[in-house]
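Working notes, structure below.
We did not get these values from a lab; they are worked out from the coordinates using the rules stated. Keep in mind it's a predicted model, so treat the numbers as computed, not measured. Quick reminder, even Gly has a Cβ in these numbers, built from the backbone with ideal geometry, and neighbours come from all protein chains shown.
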Amino acid sequence: MNKPLIVQKFGGTSVGSIERIQAVAEQVIKTKEQGNRMLVVVSAMSGETNRLMSLANQIDAVPNARELDVLLSSGEQVSMALLSMELNKLGYRAVSLTGTQARIITNQRHNDATISSVDRELLFSYFDQDTIVIVAGFQGMTENGDITTLGRGGSDTTAVTLAGLLSADECQIFTDVDGIYTTDPRVVPLAQKIDSIDFPSMERLASKGAKVLHLPCVQFAWKHKVPLRVLSSFKDGEGTIIRGEDVNKGISGLAIQQAMRLVDIENHTAERVHQQCKLLGIDIWNTLEDASRHAILIKEESFAKLKMVFADEIRNSEAVSVLTCVGLCIERVSEELVQYLDNNGCIVSHTFKEGCSASYLVTQEDSQRAANLIHQKFIVSDSDTLSDEKQKVFG
């Protein structure tokens, strides 16, 4: 019987110095000694990708996409080689592989590629030799041999995709936090670490602003049914495990997206605006529509791009924040939640309900206070009440 296969991913802060790389090596050894086969995915050392990007921009404000991938992919090669050296020094057989050496095949979209396959036979041959395999995250190659990079969150994507393609038993994402929290602790100091969460809830939280895991990472793990665990590189603990298809908590968490813009546009141009947003890569979060109004909700960072194209069609815009609650009984408590915020001076201008989630629009000035009010009343104080709702739903 084969030993379990564990994929571990370490980000830039986790490999940001020789001391940190040595600590990562100890973590990898600890997991291996528990009887596992090991595949490790590493990011570039903290700050290295930004340094390389700065060099590219000194040459050209808009660098050639292919050559930019060649440049940026070099960052991960440093950290993977150093980690392999450390493991070999400690007496453990290890090999480092670039995306090209591992034959991680992607499409031809430079700077934002998608993985299609990996050389399973090669990787399993290393596992059969009891070798720890260290793969450079964030990168792959086209069928023609060109280096590609995977875009934002690329190392997480590498780890989860390889875990899926290799049928790994678990994919562990090591970060600078010790798990998934009920909401952003920087906004809500009383946020609590979650021991476990289901994929539908995590997918919805990630899509609505929770920043610990990138959305494609969660979606791929869910699709391939790979248990996903988030842990800290800096302290021991079990972290948070993400698995399961059924939403099973009253309210799992609260996603906070502060920098948003609600844009009113002329009704007769609505269809054209929506089409143009797709071409411009502007994600429309929600739409408000009635006989007299058509408004779209987009990220603040996208507003300038939209205004350049449709300045004459924009009637009005306002800066807003979006607070999204996810859970089994959000439908039941949504009206009460809105009233509770209103009673406490935080006005919800609009509510969007979708499946197991509901999003609430508030002013940016009210967002932090509203998030703390929601968390205290509906996630902490009412946890027993919400648990009772689960019993009602499931009988």
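Remarks
- Built amide H within the under 5 Å cut-off of Asn286, gap 5+: Leu297
- Exposure rule at most 14 other beta-carbon atoms within 10 Å, DSSP loop GluC sites (Glu not before Pro): the chain longest free segment: 34-142
- In loop segments of the range 201-285 as defined by DSSP, the trypsin sites (Lys or Arg not before Pro) with at most 16 further C-beta atoms inside 10 Å of their C-beta are Lys211, Lys225, Lys235.
- Extension gain from Glu26 to Asp283, taking 0.36 nm per residue of separation minus the Cα-Cα distance: 88.4 nm
- Distances between every pair of Cα atoms in the chain, grouped in 10 Å steps from 0 to the bin holding the largest one, split as 5, 21, 27, 25, 17, 6, 1, 0 percent.
- Amide H within-cut-off set for Thr106, under 5 Å, with H built and near neighbours excluded: Ser116, Met141, Thr142, Glu143
- Lys/Arg +1, Asp/Glu -1 at C-beta; the range 5-176 dipole; positive extreme among Val40, Asn107, Leu52: Val40
- DSSP bridge pairs, the chain: antiparallel proportion in percent, nearest 5: 60
- Considering only alpha-carbon pairs that sit under 8 angstrom and 6 or more positions apart, the relative contact order computed for the chain is 13 percent.
- Which of Met308, Met141, Met80, Met53 has the fewest Cβ neighbours within 10 Å, and the rest in rising order: Met308, Met53, Met141, Met80
- Total formal charge among the other residues, if their Cβ is under 15 angstrom from that of Arg243, Lys/Arg +1 and Asp/Glu -1: -4
- Dipole of the chain, positive direction: furthest Cα of Cys329, Val263, Ser233, with charges on the beta-carbon: Ser233
- Residues in the range 1-45 that a label on Lys225 would reach, taking backbone N under 17 Å of a point 7 Å out along Cα→Cβ: 5
- Rounded to the nearest whole Hz, the Karplus-based 3J(HN,Hα) values (6.51 cos²θ - 1.76 cosθ + 1.60, θ = phi - 60°) of the range 56-62 follow the sequence 4, 5, 6, 7, 8, 4, 10, with x at glycine and proline.
- Extension gain for Lys235 to Glu300 (0.36 nm times residue separation, less C-alpha to C-alpha distance): 19.9 nm.
- A simple rule links phi to the HN-Hα coupling: the Karplus curve 6.51 cos²θ - 1.76 cosθ + 1.60 with θ = phi - 60°, which for the range 277-285 gives 4, 4, 5, 7, x, 8, 7, 8, 6 Hz, with x for Gly and Pro.
- Alpha-carbon centroids, the range 189-206 and the range 243-278: separation in whole Å: 19
- Chymotrypsin sites (Phe, Trp or Tyr not before Pro) within the range 301-385: DSSP coil, no more than 16 neighbouring Cβ in 10 Å: none
- Here the chain is assigned +1 on the Cβ of each Lys and Arg and -1 on the Cβ of each Asp and Glu. Its dipole about the Cα centre then comes out at about 580 debye.
- For the range 253-394, a crude dipole built from +1 on the beta carbon of Lys and Arg and -1 on the beta carbon of Asp and Glu, taken about the Cα centre, is about 300 debye to the nearest 20.
- Lys9 sits among other residues whose Cβ lies under 12 Å from its own Cβ, and their net charge, with Lys and Arg +1 and Asp and Glu -1, is -2.
- Within-13-Å neighbourhood charge of Ser74 [Cβ basis; K, R +1; D, E -1]: -3
- Gain upon complete extension [Asp60, His350; 0.36 nm per residue less C-alpha separation]: 100.0 nm
- Relative contact order [Cα under 8 Å, 6+ residues apart], the range 1-156, whole percent: 25
- Of the residues Pro189, Ala311, Gly16, the one whose Cα sits farthest towards the positive end of the charge dipole of the chain is Gly16 (charges of +1 on Lys and Arg Cβ, -1 on Asp and Glu Cβ, taken about the Cα centre).
- Springs join every pair of Cα atoms under 10 Å in this Gaussian network model of the chain, and among His214, His274, His110 the largest mean-square fluctuation is at His274.
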